[in-house]
Amino acid sequence: MTTIKITLSEDRLRRLNEVASRFGIAPEELARLSIEEWLARPDEEFQQTVNRVLQKNAELYRRLA
């Protein structure tokens with residue numbers, strides 16, 4: 001595992017602390033979980049887009065047949 005350092009404005013740090021406190025976790029843990037979720041999302045969104053396009057194409061081909 002690797003450690004990274006980020007810079008946040010005072011407002012963002014305050015907000016991170018507030019949200020982490022609501023969930024009962026450390027701000028560092030909230031940041032880590034949020035980044036992991038964000039990194040996983042693009043692949044899921046891409047897959048959903050591909051599935052929608054394939055469905056529309058299949059529908060179009062059915063109508064043209």
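With the requirement that a residue be within 22 Å of the chain's Cα centre (by Cα) and polar (S, T, N, Q), what does the stretch 41-65 give you? Residues satisfying the conditions are Gln47, Gln48, Thr49, Asn51.
Is it the case that the stretch 5-19 has a residue that's exposed (fewer than 10 other Cβ atoms within 10 Å of the Cβ) and of a type in the set (Lys, Arg)? Yes: one or more hits.
Each residue in the stretch 17-65 was checked for being among the aromatic types (Phe, Trp, Tyr) and farther than 30 Å from Ile6 by Cα, and 1 pass. The single condition from (1) surrounded by 10 or more Cβ atoms within 10 Å (Cβ to Cβ); (2) part of a loop (DSSP other than H, G, I, E, B) that Glu29 fails is (2).
Every number here is computed from the coordinates shown, using simple stated rules; none is lab data. The structure presented is a predicted model; accordingly, all values stated were derived computationally and were not measured. Backbone-built Cβ (ideal geometry, glycine too); neighbour counts: all protein chains shown.
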